[in-house]
Every structure is written in C-alpha cells, then in structure tokens.
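For reference, the structure is listed below as structure tokens.
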Amino acid sequence: CEPFVFPQPPMEEGKVEGAVAAPNPATLDVEGLRIAVSSVDAMKHLAGAELGRGYGAGADRLARLAAHCISQRLAYPIFPSPRMAGLPLDVAMAEEKAQISGDVDVLLMPSDLAPLAKAVDASALLPVAVAGDAKAETEASVGGIVPSANSSVLAVNPGRTARGTGGGSYARIMVSAGETPVRERLTVRIIRV
C-alpha cells in the first residue's frame, strides 16, 4: 500500500476491470462535460482557515468556499495546509498536479460540511478592474487568471455517503439533451441515504 500524499498519481491501470484510473485531483471530460474532482475536504479546511468571512460571493458561505478553489484554479488553495487538516501536501507536486485545468463545468468536492449544489461565480472574489486602468486590470487577473464572461461553475458537495453509523447523502448529476451549452442543461439532486 502506497503512503497517502496529496496530490496523488493515478493507480496502476488494470487493478479494477472496467474502471479508469485517474489522479487525485483530476479533471475529467465526460462527453463534453468537464468535471474537476478531488477527494480532499478542501472546503472544510478553507472554512477553518478563511480570514475574510464576509468578503465576496455574497452571504452564502459554502458557495464562497467553493469559489476560492475555482478562482485560484486549485483543488487545494491553502498553503501551508492547516495542521488540523493532517494533509501531507507535496508542495513540489501541488503547483502542477493540484491545478483545476481548463474551463470546467462542475467542481465536485465531497465535504463534511452541508451538501451543496450551486452555480458559483468565482469572479465575485476577484478585485474589480476599471476599464482602461492598466494597474487595476493587472491586479484583477489574480495569478494570471482572468475570469471568462461565463465564469459560473456548478459547485457540488454531495456530502458523505455514510456519516458515523447513519446514512449520509450523494449527488445525482443529470445532463439534458439539447443544443444549448452543457452548463445550462445540468440538474443536480442531493439525495439522502
């Protein structure tokens, strides 16, 4: 058994028949639907480490926590990892391997916090740039990431399938057929076990 470290490389192919081995975190493309997924409870760790609790993304705390990952394009946007997290973060690998690559439609991050399925606009966390003000425009592109016109991502925290001795919850993500962008055809149901 390999020792746990984050980010994780994919398992060896062929260990589970019919399964695709992916790293943790991973960005998957399923018939045009781009899903960024990680098993680390980044939202819970962010909740304990966040200093500006009233800042950005309105009053919805869970959406704001997910927006941190989206705006920074990182599955684990905390450095160093909090001591209470007990997460052995491989700093050398994290910069490259913990990236949320490309333009994702869904951010799937299971957490012990309350389940969530919400469109999150990560640009709400970025400084506002004044058109024509080169300095402000540079500051608004945090880390070189400029939010696209449609920077909304569906953030999903399905919860945990099992909680203690009782049941938890899971998410069912459905995509309707159609010609409109895939983000507009998504439906998520959080189902209690």
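Observations
- Residue in the range 137-146 that is modelled with pLDDT under 90, more than 21 Å from ALA36 (Cα to Cα), outside any loop (DSSP other than H, G, I, E, B) and open to solvent by less than 50 Å² (accessible area, probe 1.4 Å) present: yes
- Qualifying residues in the range 105-133 (those that are part of a loop (DSSP other than H, G, I, E, B) and modelled with pLDDT under 90) - the one least open to solvent (accessible area, probe 1.4 Å): LEU126
- All positions within the range 63-104 that are of a type in the set (Lys, Arg) and open to solvent by 50 Å² or more (accessible area, probe 1.4 Å): ARG73, ARG83, LYS97
- Annotation: ASN157 fulfils all but one of (1) at pLDDT 90 or above; (2) open to solvent by 80 Å² or more (accessible area, probe 1.4 Å); (3) closer than 24 Å to SER101 by Cα; the unmet one is (2).
- Taken over the range 160-193, residues that are closer than 26 Å to ASP103 by Cβ, open to solvent by 70 Å² or more (accessible area, probe 1.4 Å) and either among the charged types (D, E, K, R) or not in a strand (DSSP E or B) (or both) amount to 6.
The values are calculated or read from the model by the stated rules, or taken from the named source; none is laboratory data. Since this is a predicted model, take the numbers as computed values, not measurements. Methodologically, a virtual Cβ is constructed for each residue, glycine included, from the backbone with ideal geometry; neighbour enumeration extends over all protein chains shown. Just the protein is used for accessible areas: all its heavy atoms, side chains included, with ligands, DNA and RNA removed. Shrake-Rupley method; radii C 1.70, N 1.55, O 1.52, S 1.80 Å.
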